[in-house]
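What follows is one structure encoded as structure tokens, with my remarks underneath.
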Amino acid sequence: MEEKTTQEYIRVPHRLTVHWKEPAGAFVNRFFLRMRDKAELWAIKCPKCGAILLPPEIVCGKCKIRIEDKEENWLKLGNRGTLLLAYHVTGSREIDPSTGWHPDGQVFGPLGFIRPDGGNEWTLLVHAMDAEDTKNLHPGMRVEAVWKPRKERTGTMQDIKFWRTVEE
Ligand SMILES: [Zn+2]
């Protein structure tokens, strides 16, 4: 019979900084390539329930079916959209929304919850707003993506510089 240990173990806290790369996956890969090469936002549309998924996902979040990576399941969204909500985190709790990091001294502008035209309630993008604060950002405002020039686009969410409000 094995004797149980009574050894006490001390835990030592560590913080690691790790950089790594991983494949984006078929759907997100296509999504980022079209952002990089065409300055377009493409969502995946569930063929069963019609949910328009942005970011594109392989399994429908509504009816849980697996969606095939077929051209007919992809839907090009508009370059304009509607602002649903804007918020601005200020002070020491600011983090980079794309990495979750907290770079000291970096100042972030407000973020918007945006539904690009052509989407439905399953279509939502959180991105930077071209504004100092949320004072003049209101739900229902029309907004437009401002893209970086082609040579600066690398296939990330930062290929869009920001969203700005537009009059229509
Ligand atoms: Zn569905």
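Any read-out appearing in this document is the output of simple, stated calculations on the displayed coordinates, not a laboratory observation. What you see is a predicted model, and the numbers here were worked out from it, not measured in a lab. Don't worry about glycine lacking a Cβ; one is built from the backbone with ideal geometry, like all the others, and counts go over all protein chains shown.
With the simple model of a label 7 Å out from the Cα in the direction of the Cβ, LEU84 to GLU152 spans 2.8 nm. Ranked by the mean number of other Cβ atoms within 10 Å of their residues, highest first, the peptides 64-72, 27-35 fall in the order 27-35, 64-72. Between CYS49 and LYS135, the simple label model (points 7 Å from Cα in the Cβ direction) yields a spacing of 4.2 nm. Model label sites at PHE113 and LYS4, defined 7 Å from Cα along the beta-carbon direction, differ in position by 4.9 nm. Comparing THR154, THR17, THR123, which has the greatest mean-square fluctuation in the GNM of the chain with Cα pairs linked when under 10 Å apart? Evaluated over the chain, the most mobile residue of the options is THR17. Given R0 = 22 Å, the distance between the Cβ atoms of ARG34 and ASN120 translates into a calculated FRET efficiency of 0.65.
Rounded to the nearest 0.05, what FRET efficiency do GLU71 and LYS161 give with R0 = 30 Å and r taken as the Cβ-Cβ distance? Could you check? Don't skip to the answer; put the middle values down first.
On the way: r = 29 Å, r/R0 = 0.95.
Calculated transfer efficiency: 0.55.
Could you name the lysines whose alpha carbon sits less than 22 Å from that of LYS48, not counting residues in the same chain fewer than 8 places away? Straight-distance partners of LYS48: LYS62, LYS64, LYS70, LYS76. The lysines whose alpha-carbon is closer than 29 Å to the alpha-carbon of LYS135, local same-chain residues fewer than 8 away aside, are LYS148, LYS161. With only the Cα atoms considered, the chain has a convex hull volume of 215 Å³ per residue. In the chain, helical runs assigned H by DSSP with n ≥ 4 each contribute -39500 (n - 2.57); averaged across all residues and rounded to the nearest 500, the mean residue ellipticity at 222 nm is -2500 deg cm²/dmol.
For segment 41-58, putting each phi into the Karplus relation 6.51 cos²θ - 1.76 cosθ + 1.60 with θ = phi - 60° gives couplings of 9, 10, 10, 9, 10, 5, x, 8, 10, x, 4, 9, 8, 9, x, x, 10, 7 Hz, in residue order, rounded to whole numbers and with x for Gly and Pro. Using θ = phi - 60° in the Karplus curve 6.51 cos²θ - 1.76 cosθ + 1.60, the 3J(HN,Hα) couplings for segment 154-168 round to 10, x, 9, 4, 6, 5, 8, 5, 5, 10, 10, 6, 10, 8, 10 Hz; x is entered for Gly and Pro.
Backbone geometry of segment 138-148 corresponds, through the Karplus equation with coefficients 6.51, -1.76 and 1.60 at θ = phi - 60°, to 3J(HN,Hα) couplings of 10, x, x, 5, 8, 10, 9, 6, 10, 8, 6 Hz, x marking Gly and Pro.
Seen against the Cα atoms of the chain and their longest principal axis, helix 26-38 is set at about 50 degrees.
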